[in-house]
Structures are given as structure tokens and as C-alpha cells.
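Okay, so here's the structure we're looking at.
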Amino acid sequence: MKKLTFLVMLLTFNLWAAEETFDPMEDLLSDKYEAGWHLIYDCKDGHWVCVSKPFYKECEEARAQGLAKQSVRLECAPIGAMPSKKACYQRVLFLTTHNHGHRFCINDKWKEKAYE
């Protein structure tokens, strides 16, 4: 039983370590992003992307600044952390095929004004 537990822990660690590694051939998405498992919607370029944590934080800060300025259109939408890069990419495929995204780019206060 201890061997089985050890093997499961070892396998889990190896899978986790594989997610944590950085391979510039695979993880540099563009000049703008590095791949990761944090999902954002880039409102400027109009697409979903899975980014590393520093880029996710940049998105959060840009959104906070846009909300503080009461901008109608926001730069990006930080959605959240996924369990893995693969899970994030699968979510992107789903969201892309269902045409979600642009709704996250409009400041909620402006949405409310449109319905008044």
C-alpha cells in the first residue's frame, strides 16, 4: 500500500512539474504573452489566451485602471486560474466556438446605462 501511495505521489509530482516547466519553443505565444494556465480575454486583440501568472496580474491591473477611469471599453478580462495548461486550452476551445468574450470588455456600469 505504501508503494502504491508513493507511486501515485510521484506521478502527481511529475505531472505537476511538467506543468511548471518553461519551454521557450512552446510557451512563448507571442511578443505579448507567455503560456500558462491563467485564462484571460484580450479585449484589444479580441481573443482568449492562457497566460502565465505575471501576465494574468498585468491583466488584472489594466482592468482595475480601466474601471477606475470609468472607461467604456476595458483592455482585458482576467477570468481565472485553470487546473493545468491543457485544461485552460480546452476551455479556450469551448469559449471560442461559443463566441463568448466581447461581453467581458464592456464596463458593467455602461451596460446598466444602456438598459435604463
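Name the single residue, out of those in region 39-62 being out of contact with any Cys (no Cβ under 9 Å at 6 or more places or on another chain) and assigned to a helix (DSSP H, G or I), that is nearest to residue 101 (Cα to Cα).
Among residues in region 39-62 that are out of contact with any Cys (no Cβ under 9 Å at 6 or more places or on another chain) and assigned to a helix (DSSP H, G or I), the one nearest to residue 101 (Cα to Cα) is 56.
Sort through 87, 62 and tell me the only one that's crowded, with 17+ Cβ neighbours inside 10 Å and of a type in the set (A, V, I, L, M).
62
Please work out which residue is farthest from residue 107 (Cα to Cα), limiting yourself to region 43-95 and to residues that are under 11 Å from the mean Cα position of the chain (by Cα) and of a type in the set (Lys, Arg).
Checked region 43-95; the qualifying residue farthest from residue 107 (Cα to Cα) is 85.
When you scan region 63-87, how many residues do you find that are assigned to a helix (DSSP H, G or I) and more than 12 Å from residue 41 (Cα to Cα)?
The total comes to 8.
The numbers here are math on the coordinates, done by the rules we state, and not lab data. On a predicted model such as this, the values are computed, not experimentally measured, just so you know. Heads up, the Cβs are rebuilt from the backbone with ideal geometry, glycines too, and the neighbour counts pull from every protein chain shown.
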